[in-house]
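The values are calculated or read from the model by the stated rules, or taken from the named source; none is laboratory data. Everything quoted here is computed from the prediction, not taken from an experiment. In this analysis, Cβ positions are derived from the backbone assuming ideal geometry, glycine residues included, and neighbour counts consider all displayed protein chains.
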Amino acid sequence: MLDDDRRQKIERLYRRYGKGVGSFVLARVGDPHLAESITAGIFLLVVRRFAQCRGSPVAWLWSIVRTEVARYFRDRHEVAPLDVEPTDYSADPRRLAERSETDARMGNALQRLSDEQQTLVYMKFFLDMPNTDIAEALGMTPSNVGVVVHRAVKRLRELMTRDNGPVLLPQRPEAREPAEVLNRGTNHAAAAL
């Protein structure tokens with residue numbers, strides 16, 4: 001049985017990071033039902049192992065998230081792309097074709113980044129997390145997060161321009177709720193290029 005203090009800490013972790021964890025897992029595995037199952041398993045581990053938490057609970061939570069997602073891929077030997085924005089069928093066909101091409105190129109480029117770079121790009125541009133929160137969650141310094149994100153964006157730009165010439169990318173939109181950002185898909189990351 002959990003004492004009140006531990007229960008409240010776990011509840012705060014879930015309320016603050018539950019949606020972000022679920023969105024991250026969904027973006028990595030691509031299947032909503034599977035993502036929900038993995039996310040539930042992650043928070044079950046949090047409840048069972050909370051006494052083992054030393055230091056930052058946020059960093060501890062994200063280490064569990066990374067471990068469980070890696071375990072899924074190691075056990076399945078599959079590679080899933082990051083989430084892609086749903087198609088807007090009401091758009092002009094030419095723009096729709098350009099958007100589809102950009103989305104496909106961005107998805108391919110994102111898959112070619114290292115796991116660390118994919119995680120940081122996702123947290124920075126899909127969840128709109130500031131470097132300080134990412135650093136706390138991953139046990140890095142904020143400046144190191146900035147450097148790795150900068151290198152990842154530079155690599156994405158190289159990959160996007162090398163294959164088919166430069167891509168005209170939209171301006172980065174204003175910060176949004178994580179669920180809304182997740183629904184925007186790869187274009188939000190593309191805006192950083």
If the requirement is being of a type outside the set (Phe, Trp, Tyr) and modelled with pLDDT of 70 or more, which of these qualifies: 82, 113?
113
Does residue 155 satisfy being over 23 Å from residue 26 (Cβ atoms) and modelled with pLDDT of 50 or more?
yes
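Can you confirm whether residue 162 is at pLDDT below 85, surrounded by fewer than 18 Cβ atoms within 10 Å (Cβ to Cβ) and out of contact with any helix residue (DSSP H, G or I) (no Cβ under 8 Å at 6 or more places or on another chain)?
yes
Out of 146, 107, which single residue is of a type outside the set (A, V, I, L, M, F, W, C), modelled with pLDDT under 85 and assigned to a helix (DSSP H, G or I)?
107
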Quick check on region 1-34: of everything there that is closer than 16 Å to residue 47 by Cβ and not in a helix (DSSP H, G or I), which residue is nearest to the chain's Cα centre (by Cα)?
2
Give region 115-133 a look and list any residue that's in contact with a Pro (Cβ under 6 Å, 6 or more places away or on another chain) and surrounded by fewer than 18 Cβ atoms within 10 Å (Cβ to Cβ), or say none.
132
I need the full set of residues from region 35-48 which are of a type outside the set (Gly, Ala, Ser) and in contact (Cβ under 8 Å) with a residue 12 or more places away in the chain, in order please.
36, 38, 39, 42, 43, 45, 46, 47
Hey, among the residues in region 134-143 that are under 15 Å from the mean Cα position of the chain (by Cα) and at pLDDT 85 or above, which one's surrounded by the fewest Cβ atoms within 10 Å (Cβ to Cβ)?
135
